[in-house]
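The values are calculated or read from the model by the stated rules, or taken from the named source; none is laboratory data. These numbers come from a predicted model, not from an experiment. All Cβ positions, even for glycine, are placed from backbone atoms using ideal geometry, and neighbour counts span all protein chains on display. Surface accessibility is based on the protein's heavy atoms, side chains included, excluding ligands, DNA and RNA. Shrake-Rupley method; radii C 1.70, N 1.55, O 1.52, S 1.80 Å.
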Amino acid sequence: MKNSIQKTILFLAVLFFASNSISAQKQKTNQKAVIKTLLHCDHCNECETCGQKFKTEMLKIKGIKMYELDDKAMTFTVYYNSKKTTLQAIKEGISKLGYDADDVKADPAAYERLDGCCKI
């Protein structure tokens with residue numbers, strides 16, 4: 001009887017630690033990053049073309065769950081799944097939209113496709 005109780009307690013302890021380990025791993029997959037960019041206009045969020053481009057194209061970058069553009073601070077805050085993508089891949093995706101992303105410069109061909117208000 002005593003041996004049975006010890007086994008049950010041991011089983012419950014293992015189950016408890018395993019469930020905590022799994023929930024900790026799930027939490028680590030969701031990441032937040034602030035990426036510095038360079039915007040040449042003061043109305044990117046409201047712009048008919050730029051604003052729409054951000055709304056549709058940013059979420060097409062693999063792994064991004066949500067983003068916020070702060071055009072005054074010139075930053076993208078991205079929320080992403082680290083099991084599906086890396087921060088470097090997100091920066092390269094932003095570059096392909098024609099914008100700088102920290103140390104990754106805007107793709108020249110994508111930059112040329114931006115509206116005039118978005119260029120120097």
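Apart from one condition, CYS44 fits all of (1) modelled with pLDDT under 85; (2) open to solvent by less than 50 Å² (accessible area, probe 1.4 Å); (3) part of a helix (DSSP H, G or I); the exception is (3). For segment 53-75, a residue qualifies if it is within 13 Å of the chain's Cα centre (by Cα) and assigned to a strand (DSSP E or B), and the qualifying residues are ILE64, LYS65, MET66, TYR67, GLU68, LEU69, THR75.
Within segment 63-92, the set of residues being over 17 Å from LEU39 (Cβ atoms) and touching a residue at least 24 places away in the same chain (Cβ under 8 Å) comprises GLY63, ILE64, LYS65, TYR79, TYR80, ASN81, SER82, LYS83, THR85, LEU87, ALA89, ILE90. Across segment 76-119, the number of residues qualifying as open to solvent by less than 20 Å² (accessible area, probe 1.4 Å), assigned to a strand (DSSP E or B) and among the aliphatic types (A, V, I, L, M) comes to 2.
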